[in-house]
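Input: a single structure, listed below in structure tokens.
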Amino acid sequence: GAVVSQHPSRVICKSGTSVKIECRSLDFQATTMFWYRQFPKQSLMLMATSNEGSKATYEQGVEKDKFLINHASLTLSTLTVTSAHPEDSSFYICSASSHQGYTFGSGTRLTVV
Amino acid sequence: GENVEQHPSTLSVQEGDSAVIKCTYSDSASNYFPWYKQELGKRPQLIIDIRSNVGEKKDQRIAVTLNKTAKHFSLHITETQPEDSAVYFCAASSGNYGQNFVFGPGTRLSVLP
């Protein structure tokens, strides 16, 4: 079946630095990728939708200049958390949409200290 | 936009008993309803899904029912086992390629031995 590889699985960074999270579709072309954020004991909240070759669509309340999304190829989408702060600490997870269905990445636990 | 509610938020059952989790949705255009099981720090795992042209679907101990008129769907787990303990999320989507999910807030299921 369709597999989405997400890296890193866990990252600790200092406040003010940037962190890049990658999601790569291994055996299919992911025209659309969704980025979710999940705070402890809460549900998955959609942050943005990225389409290959075009600008991402951000949900209301999500700062596009802070959460940079790049979907430059049909197999790779990246989320960069810029100038990270402790309140950005969360579980970030991508999901790819293809004609094969929806597939989640394994998630990235970001801790900003 | 779509709004998905889920109840209960926590559920404890004795091993061997049944568990039922209910979700309601608001957008009549939604026609795809997956259920995900998420263990701590891991990606959501699809356990069962149903489309709006079907009223019920069963897979071994797990079943899902859908009432499209009332806009609600339920997850039924029979003969619960300790390994069923996890957080369960329902979701709704238009099911069209490239459409994201709207997740319910989740239900923490604890199966007591």
- Kindly state, to the nearest 0.05, the FRET efficiency for B:ASP59 paired with B:ASP17, given R0 = 25 Å and r defined as their beta-carbon distance. 0.85
- Just subtract the alpha-carbon distance of B:LYS68 and B:GLU39 from 0.36 nm times their residue separation and send over the number in nm, one decimal. 7.5 nm
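What is the average number of partner chain Cβ atoms found within 10 Å of a Cβ in A:33-39?
On the way: counts 0, 4, 1, 4, 0, 5, 0.
Counting Cβ atoms of other protein chains within 10 Å of each residue's Cβ and averaging gives 2.
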- Query: Dipole of the stretch B:1-100, Cα-centred, from +1 at each Lys and Arg C-beta and -1 at each Asp and Glu C-beta, to the nearest 20 debye?
  - Reply: 300 debye
- Query: When the gyration tensor of the protein assembly as shown is built from Cα positions, what are the square roots of 5 times its three eigenvalues, in whole Å, from largest to smallest?
  - Reply: 30, 21, 15
- Any idea how far the Cα center of the stretch B:16-32 sits from the one of the stretch A:37-113, in Å? 26 Å
- In order over the stretch A:11-19: 3J(HN,Hα) from phi, Karplus 6.51/-1.76/1.60, θ = phi - 60°, whole Hz, x for each Gly or Pro, gives 8, 10, 9, 7, 4, x, 8, 10, 10
- Taking only pairs that are 8 or more places apart or on different chains, how many Lys pairs in the stretch A:1-110 have Cα atoms under 19 angstrom apart? 6
- Query: Who wins for biggest fluctuation among B:ALA29, B:ALA63, B:ALA91 in a Gaussian network model of chain B, springs between alpha carbons below 10 Å?
  - Reply: B:ALA29
- What is the count of Lys pairs in chain B whose alpha carbons sit under 21 Å apart, if the two are 8 or more places apart or on different chains? 11
- Query: Using a simple spin-label model with points 7 Å from Cα along the Cα→Cβ vector, what separation in nm is obtained for A:THR80 and A:ARG109?
  - Reply: 2.6 nm
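Kirkwood hydrodynamic radius of the stretch A:1-102 from all distinct Cα pairs, in Å? Kindly include the intermediate steps, with their values, before the conclusion.
Numbers: mean 1/r = 0.0724 Å⁻¹.
The answer is 13.8 Å.
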- Please tell me the relative contact order of chain B in percent, rounded to the nearest whole number, where contacts are Cα pairs under 8 Å and at least six residues apart. 37 percent
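Rule-based calculations on the coordinates, nothing more; no lab input. None of these values were measured; they are calculated from a predicted model. When we count neighbours, we look across all protein chains shown, and the Cβ atoms used for this are built from the backbone with ideal geometry, even at glycine.
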